[in-house]
Amino acid sequence: MTFSVSSDRLTEPTSIALAQSIQQQAILTPLSPHPIATAFVQQGEGIPALLLHGFDSSVFEFRRLIPLLSPPTETWTIDLLGFGFTERPPQLAPSPEAIKTHLYYTWKTLINQPVVLVGASMGGAAAIDFALTYPEAVRKLVLIDSAGFTVGRSMGKFLIPPLGYLATTFLRNPKVRQSISLKAYHDPSFASPDAQTCAALHLDQPGWQQALIAFTRSGGYGSFQDKLAHLNLPTLILWGQCDRILGTADAEKFHQAIPKSKLVWIENCGHVPHLEKPQTTADCISAFISSR
């Protein structure tokens with residue numbers, strides 16, 4: 001089912017094209033007696049690749065990468081439970097466990113064959129968690145400036161009413177979001193008005209504030225450091241050399257901890273290579289997909 005997202009304020013062709021490509025599918029899961037309307041984008045034919053976005057983001061995060069991957073890749077990107085344009089049932093609190101369960105049933109409903117799983121930032125942690133739990137569903141793994149090695153500072157215990165609503169109101173502020181965007185890029189020109197619009201389109205979705213508070217209070221994603229040795233599948237680690245969000249130290253740590261991994265540095269690039277260096281990122285991923 002096509003899902004309408006207004007493209008009136010978008011100016012980049014890739015942003016407009018993605019807004020017109022978003023669909024929704026009702027996904028039945030054990031989490032709820034009712035199906036969850038799940039937002040996704042699918043393009044191309046070939047080996048399936050599933051792209052997972054970062055914290056408080058959406059499928060728009062991959063607007064520049066998707067056209068460069070498909071075809072010959074069947075490219076999918078979905079909005080994780082509690083994020084983007086996926087439905088947020090009020091009785092269902094998003095957590096890493098709930099996200100993983102919803103992701104599995106979404107994969108089973110829409111794709112149902114092993115995928116190249118690509119996770120960026122928090123999406124990398126979600127990808128690691130999914131691959132460890134459902135190895136039969138993942139043929140290869142790509143981590144882009146991934147969370148999941150070092151434990152971050154959790155603010156969840158402080159996100160109780162009214163502080164939770166104050167924190168999310170702060171995060172909704174356009175100036176705050178723009179400052180985060182500027183920090184994510186090495187080249188500040190990428191933090192354009194179009195980019196700011198893409199990053200904020202999901203904020204008016206029902207339950208955005210409540211879901212973000214619930215996810216943060218769950219503790220979010222911790223460290224998978226002790227489990228990474230069990231990731232017995234080919235893994236590509238892509239990392240911006242100028243990442244100011246997560247830094248660069250974890251890139252080599254992931255490389256050392258994951259047995260079949262390869263680390264590629266993306267030069268003159270910040271935390272989001274798929275947005276700042278989409279062609280380089282696509283070339284690396286495509287070569288990795290086709291390699292044996």
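Derivation of every value follows stated rules applied to the coordinates shown; laboratory data play no part. Bear in mind that the values here come from a model prediction, so they are computed numbers and not experimental data. FYI the Cβ positions are ideal-geometry reconstructions off the backbone, even for glycines, and counts take in every protein chain you see.
Rounded to the nearest 20, the Cβ-based charge dipole of the chain about its Cα centre (Lys and Arg +1, Asp and Glu -1) stands at 480 debye. The value given for region 1-137 is a Kirkwood hydrodynamic radius of 15.0 Å, derived from the mean inverse Cα-Cα separation. Distance from the C-alpha centroid of region 226-292 to that of region 119-148: 11 Å, rounded to the whole angstrom. Computed over region 13-290, relative contact order equals 20 percent, with contacts defined as Cα pairs under 8 Å that lie 6+ residues apart.
Summed over qualifying helices (DSSP H, 4 residues or more, each -39500 (n - 2.57)) and divided by its residue number, the chain shows a 222 nm mean residue ellipticity of -10000 deg cm²/dmol. Which links in Lys100/Lys140; Lys108/Lys260; Lys100/Lys260 stretch past 21 Å when you go from one Cα to the other? With Cα atoms farther than 21 Å apart: Lys108/Lys260; Lys100/Lys260.
Residues Lys183, Lys277, Lys100, Lys175 in ascending order of nearby Cβ atoms (within 10 Å, fewest first): Lys175, Lys183, Lys100, Lys277.
The residues neighbouring Thr133, those whose beta-carbon lies less than 12 Å from its own, together hold a net charge of -1 under the Lys/Arg +1, Asp/Glu -1 convention. For region 13-290, the pair-distance distribution built from all alpha carbon pairs, in bins 5 Å wide starting at 0, is 1, 6, 13, 18, 21, 19, 14, 7, 1, 0, 0 percent.
Dipole of region 13-290 computed with +1 at Lys/Arg Cβ and -1 at Asp/Glu Cβ about the Cα centre; of Leu166, Thr86, Pro71, farthest Cα towards the positive end is Leu166.
From least to most packed, judged by other beta carbons within 10 angstrom and beginning with the fewest, Arg63, Arg9 follow the order Arg9, Arg63.
Select from Gln196, Ile16, Pro35 the residue farthest towards the positive end of the dipole of the chain; place +1 on Cβ of Lys and Arg, -1 on Cβ of Asp and Glu, and compute about the Cα centre. Toward the positive end, the furthest listed residue is Pro35. With r defined as the distance between the Cβ atoms of Thr150 and Ser32 and R0 fixed at 41 Å, what FRET efficiency is calculated, to the nearest 0.05? With R0 = 41 Å, the Cβ-Cβ based efficiency is 0.80. As a rough footprinting exposure proxy, the listed residues Glu267, Glu61 were ranked by other beta carbons within 10 Å of their own, and the order from fewest upward is Glu267, Glu61. Over region 55-117, the pair-distance histogram of Cα-Cα distances with 10 Å bins from zero comes to 19, 48, 29, 4, 0 percent, rounded to whole numbers.
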